[in-house]
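Reviewing the structure listed below.
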């Protein structure tokens, strides 16, 4: 385990009381999460849960024709694999790393054992799940009713909240796949943000220059989701 990485870089793990964290810590496996790595495929039996630390993972719904759209994003505030403790064991979505980094994984049985103790872990995970459901619902509304410009601002802000810097390594094609829109729409929206001095973009690399400006251009969906995370899990989303 690298000294540069610790499990408590994941805010959910950091929020656990010492006794609960101590039971899990010996079993947390440090893993690399390269860009594009698929952690779960739709319908697959989940063997592990993942706690991202420096990476961001997109939950995607993939259609029969291969088209996809992001339904939620998970970073250092959360956990991947909620189906394990919600009783399902499988998920209809695909989990793909959208921003490379690292994280920790835990065997499914160990997570279920801790959840079934009905202690702090159970309450923490249920509150997180409620916040995640809010994010999924708001994303669906946003994709239906708001412009590509607004969706891009929301997406950039949510990604920034889960990173330790103001830089994202992401191509416009990948962003378009996440948002479920045409690449040309993302190119036009990113061009507007750059010309207005809010971001600087070169191929595969986005630097946010004016976060406040992004927030003013985003639709209400970003704040709805952030406020719910702050209400249910104070301090887990850092800005």
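Bear in mind that the values in this text are calculations on the coordinates, not laboratory data. Since the model is a prediction, treat every value here as computed from it, not as a measurement. Cβ sites come from the backbone with ideal geometry, for glycine too, and all protein chains shown count toward neighbours.
Classify segment 7-142 as rounded, prolate or oblate, taking a ≥ b ≥ c as the square roots of the eigenvalues of its Cα gyration tensor: rounded when a/c is under 1.5, otherwise prolate if a/b is larger than b/c and oblate if not. Don't skip to the end; give the middle numbers.
Numbers: a/c = 1.69, a/b = 1.48, b/c = 1.14.
Prolate, because a/c is 1.5 or more and a/b exceeds b/c.
Once both labels are modelled 7 Å past Cα along the beta-carbon direction, what's the residue 100-residue 231 spacing in nm?
3.9 nm
Label point 7 Å out from residue 27 along Cα-to-Cβ: which residues of segment 38-73 have amide N under 12 Å?
So the set is 48-49.
What number, in percent, do you get for the relative contact order of segment 57-121 if the mean sequence gap of Cα pairs under 8 Å and at least 6 apart is divided by its residue count?
On the way: 60 pairs, mean separation 22.0, N = 65.
Rounded, it is 34 percent for segment 57-121.
For residue 62 and residue 8 in one chain, what is 0.36 nm times their gap in residues minus the Cα-Cα distance, to one decimal in nm?
So the chain would gain 16.2 nm between residue 62 and residue 8.
As an exercise, use a Förster radius of 35 Å and the Cβ-Cβ distance of residue 47 and residue 166 to find the FRET efficiency, rounded to the nearest 0.05. If you can, show how the numbers build up before the last one.
Working: r = 35 Å, r/R0 = 1.00.
Result of the calculation: an efficiency of 0.50.
Could you order peptides 32-40, 153-161 by the average number of other Cβ atoms within 10 Å of their residues, highest first? Write out the running numbers ahead of the final one.
Values: 32-40: 16.0, 153-161: 23.0.
Taking the mean over residues of other Cβ atoms within 10 Å, the ranking is 153-161, 32-40.
Which residue, 205, 11, 102, tops the fluctuation ranking in a GNM of the chain built on C-alpha contacts under 10 Å?
205
Relative to the longest principal Cα axis of the chain, at what angle does helix 183-195 sit, 0 to 90 degrees, rounded to 10?
The angle comes out near 80 degrees.
Would you please state which residues of segment 209-239 a label at residue 130 would reach in this model, taking the label point 7 Å out along Cα→Cβ and a backbone N cut-off of under 19 Å?
Counting backbone N atoms under 19 Å from the label point, the list is 223-237.
With 26 Å as the cut-off, how large is the P(r) tail for the chain, expressed as percent of Cα-Cα pairs? If you can, show how the numbers build up before the last one.
Numbers: 10045 of 28441 pairs.
When every Cα pair of the chain is considered, 35 percent fall beyond 26 Å.
Peptides 93-99, 187-193, 221-227: what's the order by average Cβ count within 10 Å, highest mean first? Write out the running numbers ahead of the final one.
Values: 93-99: 22.1, 187-193: 17.7, 221-227: 19.3.
Per-residue mean Cβ counts within 10 Å order the peptides as 93-99, 221-227, 187-193.
Measure nothing fancy, just the Cα-based angle from helix 120-145's long axis to the longest principal axis of the chain, in degrees from 0 to 90, nearest 10.
The helix 120-145 is inclined about 20 degrees to the chain.
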